[in-house]
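Colleague: The structure is given below, and queries will be raised subsequently.
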Amino acid sequence: MGRLDGKKAFITGAAQGLGACFARMFAEEGALVALTDVQGDKVAETAEAINKDFPGAAFAFEHDVTDHDQWKSVLAEANEAMRGISVLVNNAGIGTMANIEAETWEGYRKVMDIDLDSIFIGTQAALPYLKKNSPASIINISSVAGLMADANLLSYNVAKAGVAMMSKSVALHCAKAGYEIICNSVHPVFTRTPMIDPIVQMGGGGEEGEAKLSRGIPMKRLGEPEEVGHMVVYLASDEAKFVTGSEFRIDGGMTAGRVGK
Ligand SMILES: NC(=O)c1ccc[n+]([C@@H]2O[C@H](COP(=O)([O-])OP(=O)(O)OC[C@H]3O[C@@H](n4cnc5c(N)ncnc54)[C@H](O)[C@@H]3O)[C@@H](O)[C@H]2O)c1
């Protein structure tokens, strides 16, 4: 018996990094998974690798999360392939570093489009499927940067804070409407995926770069994708069916406060 037997999950940004890890962990727990990503070839390879170990579990779709029409068509195709959609993981995202003086309007808009507005479009488009396949779960990948600000993360801070608040509003709407649909946000600290490679390089690369990046984390190391995945598997499962509108931190103590010297 898998913890996600019978679940049908739609995961954005699943070609690599956290999304690819979630997809594999979901398949291990018995779910069917639709992996979507703007990198069409790469997401197909990731799904193929999952199908080698869990035949028939994974389906791949090329999908730009900023495109309204693509959300509609890809959700319909995934629904057809899996015979339903009961879990939506809004994971696709980009990171940028800029302060209020350096950021451009175009840069700011791009982060809002991909990291925040896509979740509005996708959640609205997916709700009819989730309602038909409840108990259902919406899991929005925010960041510790959605809870604490950094001088150099202006756009990312704003987008990821918006993700947390959107999750709460969606959760309350679903509860009020009597839908059996939970909605929560997940807040990882720096986690070892391709997204953080450029920051590790900036710090000198390898162990040295990772150590610099980990300095502000009380547990003094980066997160592993599976450590975020365990939380996401829980939130996708019926174990979490009374858990909604909450923020889940996987951050080695980062948002708890300071450890001092
Ligand atoms: N890795 C970290 O340290 C960390 C920490 C906190 C939060 N996060 C968040 O976790 C999520 C996943 O990040 P990751 O670390 O796996 O990064 P990643 O860069 O490895 O993967 C992100 C994926 O999103 C896809 N993507 C980007 N733009 C897209 C678009 N317009 N449409 C569809 N797909 C698109 C990319 O192609 C890529 O496959 C992001 O939302 C990120 O902000 C990551």
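Colleague: For segment 129-161: of the residues being within 15 Å of residue 94 (Cα to Cα) and either charged (D, E, K, R) or in contact with a Leu (Cβ under 7 Å, 6 or more places away or on another chain) (or both), which is surrounded by the fewest Cβ atoms within 10 Å (Cβ to Cβ)? Let's see the steps before the verdict.
Modeller: Residues of segment 129-161 within 15 Å of residue 94 (Cα to Cα): 140-146, 152-161.
Checking which are either charged (D, E, K, R) or in contact with a Leu (Cβ under 7 Å, 6 or more places away or on another chain) (or both) leaves us with 141, 145, 159-160.
Working: 141: 26, 145: 21, 159: 29, 160: 25.
Only one residue fits best here, namely 145.
Colleague: Then there is this: Condition test on residue 23, is it within 17 Å of residue 81 (Cβ to Cβ) and either in a helix (DSSP H, G or I) or away from the ligand (no atom under 13 Å from the Cβ) (or both)?
Modeller: Details: within 17 Å of residue 81 (Cβ to Cβ): yes; either in a helix (DSSP H, G or I) or away from the ligand (no atom under 13 Å from the Cβ) (or both): yes.
Yes.
Colleague: Do the conditions hold for residue 84, that is, is it within 30 Å of residue 150 (Cβ to Cβ) and either part of a helix (DSSP H, G or I) or in contact with a strand residue (DSSP E or B) (Cβ under 8 Å, 6 or more places away or on another chain) (or both)?
Modeller: On the way: within 30 Å of residue 150 (Cβ to Cβ): no; either part of a helix (DSSP H, G or I) or in contact with a strand residue (DSSP E or B) (Cβ under 8 Å, 6 or more places away or on another chain) (or both): yes.
So residue 84 does not fit the description; no.
Colleague: Could I ask something else about it? For segment 1-20, which residues satisfy the criterion of being within 16 Å of the ligand (Cβ to nearest atom) and assigned to a strand (DSSP E or B)? Before the answer, list the steps.
Modeller: Within segment 1-20, the first condition is being within 16 Å of the ligand (Cβ to nearest atom), and the residues that meet it are 9-20.
Once the filter is applied, which keeps residues that are within 16 Å of the ligand (Cβ to nearest atom) and assigned to a strand (DSSP E or B), segment 1-20 yields 9, 10, 11, 12.
Colleague: Looking at (1) over 20 Å from residue 183 (Cβ atoms); (2) assigned to a loop (DSSP other than H, G, I, E, B), which one does residue 65 not meet, given that it meets all the others?
Modeller: Unmet condition: (1).
Colleague: Then there's this: Considering only segment 233-241, I want to know if a residue exists there that is of a type in the set (A, V, I, L, M) and farther than 30 Å from residue 33 by Cα. Walk me through how you get there before you give the answer.
Modeller: Taking segment 233-241 and keeping what is of a type in the set (A, V, I, L, M), we get 233, 235-236, 240.
Cutting the leftovers down to farther than 30 Å from residue 33 by Cα gives us none.
The answer is no; no qualifying residue exists.
Colleague: Those residues that are out of contact with any Pro (no Cβ under 8 Å at 6 or more places or on another chain) and either within 8 Å of the ligand (Cβ to nearest atom) or among the acidic types (Asp, Glu) (or both), I need them from segment 140-162; list them, please. If you could, list the steps in order and put the result at the bottom.
Modeller: First, the residues of segment 140-162 that are out of contact with any Pro (no Cβ under 8 Å at 6 or more places or on another chain): 140, 142, 145-162.
Selection gives 142, 145, 150, 156, 160.
Colleague: Within the set of pairs 6+ apart or on separate chains, which have a first residue in segment 131-159 that is closer than 16 Å to residue 217 by Cα and touching a residue at least 24 places away in the same chain (Cβ under 8 Å), a second that is assigned to a loop (DSSP other than H, G, I, E, B) and within 11 Å of the ligand (Cβ to nearest atom), and C-beta atoms under 6 Å apart?
Modeller: 144/189; 144/251; 144/254
Colleague: While we're looking at this one, here's another question. Here is a check on your reading of the model: is residue 160 touching a Gly at 6+ places or on another chain (Cβ under 6 Å) and at pLDDT 95 or above? Show your work before the answer.
Modeller: Working: touching a Gly at 6+ places or on another chain (Cβ under 6 Å): yes; at pLDDT 95 or above: yes.
Here the answer is yes, as residue 160 does meet what is asked.
Colleague: Can you find, within segment 80-120, the residue that is farthest from the ligand (Cβ to nearest atom) among those that are crowded, with 22+ Cβ neighbours inside 10 Å and polar (S, T, N, Q)?
Modeller: So the residue we want is 86.
Colleague: Looking only at segment 187-237, count every residue that is among the charged types (D, E, K, R), farther than 19 Å from residue 248 by Cα and more than 9 Å from the ligand (Cβ to nearest atom) and tell me the total.
Modeller: Taking segment 187-237 as the starting set, the residues that turn out to be among the charged types (D, E, K, R) are 192, 197, 207-208, 210, 212, 215, 220-221, 224, 226-227.
Add one more test, that the residue is farther than 19 Å from residue 248 by Cα, and what stays is 197, 207-208, 210, 212, 215, 220.
If we keep only those that are more than 9 Å from the ligand (Cβ to nearest atom) as well, we get 207-208, 210, 212, 215, 220.
The qualifying residues number 6.
Colleague: Restricting segment 245-261 to residues that are assigned to a loop (DSSP other than H, G, I, E, B) and touching a strand residue (DSSP E or B) at 6+ places or on another chain (Cβ under 8 Å), which is nearest to residue 136 (Cα to Cα)? Give the derivation first.
Modeller: Within segment 245-261, the first condition is being assigned to a loop (DSSP other than H, G, I, E, B), and the residues that meet it are 245-246, 251-261.
Checking which are touching a strand residue (DSSP E or B) at 6+ places or on another chain (Cβ under 8 Å) leaves us with 245-246, 251-252, 255.
Numbers: 245: 14, 246: 16, 251: 26, 252: 29, 255: 29 Å.
The extreme case among them is 245.
The values are calculated or read from the model by the stated rules, or taken from the named source; none is laboratory data. No experiment lies behind these values; they were computed from the predicted model shown. Glycine gets a Cβ as well: all are built from the backbone with ideal geometry, and neighbour counts include every protein chain shown.
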